[in-house]
Amino acid sequence: MVHQGLTRRHGLLAAGSLLLGGCAATAPRPTPVPANTAEPLLAPPTPREFRAAWVATVANIDWPSRKGLSRDEQIAEIVALCERAAQLRLNALIVQVRTSCDALYASALEPWSEYLSGTQGQDPGYDPLAVWVREAHARGLELHAWFNPYRARQSSAVGELHATHLANTQPGWVKRYGKQLWLDPGEPEAAAHSLAVYRDVLSRYEVDGLHIDDYFYPYPEKDAEGREVPFPDDESHARHGEGLPRADWRRRNVDRLVQAMHALVRELRPQARFGISPFGLMRPDQRPPGIQGFSQYDQLYADVERWLAEGWLDYLVPQLYWPMAQTAQAFGPLLSRWLELNPRQRHVYAGLYTSRINATPQSWAPQEILGQVQLTRALHPEGGHVHFSMAALMQDRQGVAAQLAAGPYAQAALPPAMPWLSDRAPPAPALQREAAGWRLLPAWLQPQGPLVSWVQAPDPTGLGSVRRALLWWREQGQWRAQLVDVRQSFDWPAGADALVASLFNATGVEGARRAWHRHELDATRTP
């Protein structure tokens, strides 16, 4: 992610071979630049806000834009989405990698998604998730892998199910409900299979988070007479219910999966975050006065309040998909109440329905989304929000993306830290000059000024490499901020006379800052 003259280049230092004190293992040795000691440089406090967007792959909502694109076309779209997110100063993308017991990554457990080629099970010729991780990280973005734990076939799917799909290999786990197929959450083997899928991804990909949304037990279907159709789990309840009433048993099934997912993330990738995005209304007995509507506790069997109370997640993104003036589902009171239902102080971010800005007469105005961002900040400083979905920002519907970039997103921000994962700070950074590398940025960003790169110690937290830094640079007395990937070099902003930088561990804890004047860099030349 880059802004006004700050450009990135390949660094010559691998994260595992970096040494403290300005010495690099590469040869010829670049010249270290000492930190400033003459004048204290006091940049503003680190801005904190989770700014993310969902990238939905189901039904080709966001990516790929349609089925059957070539490998190169799909990769070009990934790059464009990451570039757009970086330009808007988002700091995370939540990418759907399992829509319906399928895979948008190389998997031995489930078949390739039909939303890639149009044919389930057809190899696209590359590993999309590996590309997503690489391109997001290169721009200072977090990449969270988004899974649907139970859906086995979505209603818009048209192709044949592959021979390796669970509906063919394990038909006893899969139930037809309405126009969709669904893994029965009451089948322990089905839950174990989903956990094996998550274990596989966490073990092989450098994802920053594991994410699930609001599809637990399915939303109720109705028959032609308007009567609710029961989910067909009589057999599994009889075999595994242990005498519990159906509703309590269903909630226990979902609770066990959520608890197991949280434990799996902590076991395999301790620095990664586990996030859940439920329906936006809490259970009826926990709601603010005047709030009405669907009860996920009673109909999706999702006891979200318990998950918060137990600390079985790192962040919650309730889908607050209503305008601020809608009193029965009032945005502000709902967000305030979710924050109150959070005794362990996990992060709560607002899910925003940005795609409700469209070309229909019912479209929201962009001011609705900007207002929700501002209200979220007022109610929960250093919180955040997630846009559904990236398509609205890519298309800049009614100018909403441009207005966000010029207003609420004018300054870069780091995601809030999660000190319950690790509170150990990384070391202070050092800078050194090195020979120019290859440019990794689009043509509209031209390199300016002297090239500098990072020197750092190996990560002392034990939670993976320190990857991101926050740069503050001073131009004409004004401070500006930008996130950078410490595994790449960057060009000093042409108009800046000073720079302040700090490193962040994998869970967002900031290390000590160091500062440099422009004249100090100009005095340090590589032979």
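For region 135-174, what does the convex hull of the Cα positions come to per residue, in cubic angstrom?
125 Å³
Multiply the residue gap between Gln476 and Ala196 by 0.36 nm, knock off their C-alpha separation, and tell me the result in nm, one decimal place.
Length difference between fully extended and current span is 95.3 nm.
Can you give the three extents of the C-alpha atoms in region 134-279 along their principal axes, from longest to shortest, in whole Å?
Result, largest extent first: 53, 38, 31 Å.
Can you tell me what share of the DSSP beta bridges in region 138-218 is antiparallel? A percent to the nearest 5 is fine.
Looking only at bridges with both residues in region 138-218, the antiparallel portion is about 60 percent.
Quick one: which of 88-96, 296-304, 407-415 comes out on top by average Cβ neighbours within 10 Å, and what's the full order, highest first?
Peptide ranking by packing, descending: 88-96, 296-304, 407-415.
Long-range amide H contacts for Ala92: which residues qualify at under 5 Å (H placed 1.01 Å from N, peptide plane, sequence gap of 5 or more or a different chain)?
Residues meeting the criterion, in which the H sits 1.01 Å from N, are Arg51, Ala53, Glu142.
Tell me, in nm to one decimal, what length is gained between Gln259 and Ala163 on full extension, where the rule is 0.36 nm per residue of separation less the Cα-Cα distance?
My answer for the length gained is 31.4 nm.
Using the Karplus curve 6.51 cos²θ - 1.76 cosθ + 1.60 with θ = phi - 60°, work out ³J(HN,Hα) for each residue of region 352-364 in order, rounded to whole Hz, and write x for Gly and Pro.
9, 8, 5, 6, 6, 7, 8, 9, 8, x, 8, 4, 6
Choose one of Gln259, Gly241, Ser295: the residue whose Cα lies farthest towards the positive end of the charge dipole of region 236-298 (beta-carbon charges +1 Lys, Arg; -1 Asp, Glu; about the Cα centre).
Gln259
In sequence order, what are the phi-derived ³J(HN,Hα) couplings for region 474-487 according to the Karplus relation 6.51 cos²θ - 1.76 cosθ + 1.60 with θ = phi - 60°, rounded to whole Hz, with x for glycine and proline?
10, 10, 6, x, 10, 8, 10, 10, 7, 7, 9, 8, 6, 7
Net charge near Gln299: determine it from the other residues with C-beta under 13 Å of the C-beta of Gln299, scoring Lys and Arg +1 and Asp and Glu -1.
So the surrounding residues net to 0.
For region 361-437, what class follows from the C-alpha gyration tensor (a ≥ b ≥ c being the square roots of its eigenvalues): rounded when a/c is under 1.5, otherwise prolate if a/b is larger than b/c, else oblate?
In terms of gyration-tensor shape, oblate.
From the phi of every residue in region 117-126, what ³J(HN,Hα) in whole Hz does the Karplus formula 6.51 cos²θ - 1.76 cosθ + 1.60 yield, where θ is phi - 60° and glycine or proline is x?
Each residue of region 117-126 in turn: 9, x, 10, 5, x, 7, 5, x, x, 6 Hz.
Gln411: net charge of surrounding residues, Cβ under 9 Å, Lys/Arg +1, Asp/Glu -1, itself excluded?
+2
Mind giving me the FRET efficiency for Ala410 and Lys222? R0 is 51 Å, r the Cβ-Cβ distance, nearest 0.05 is fine.
For R0 = 51 Å, the calculated efficiency reads 0.60.
Between Gly384 and residues 5 or more places away or on another chain, which pairs have amide H atoms under 5 Å apart, with H built 1.01 Å from N, and which residues are they?
When sequence neighbours closer than 5 places are left aside, the close amide H contacts are Phe50, Ala350.
Give the long-range amide H neighbours of Ser489: residues separated by 5 or more places, or on another chain, with amide H under 5 Å away, using H modelled in the peptide plane at 1.01 Å from N.
Under 5 Å from the amide H of Ser489 lie the amide H atoms of Arg9, His10, Gly11, each far enough along the sequence or on another chain.
Here, each number is a calculation from the coordinates, and none is a lab measurement. Note that the structure is predicted; figures quoted are calculated from it, not measured. Heads up, the Cβs are rebuilt from the backbone with ideal geometry, glycines too, and the neighbour counts pull from every protein chain shown.
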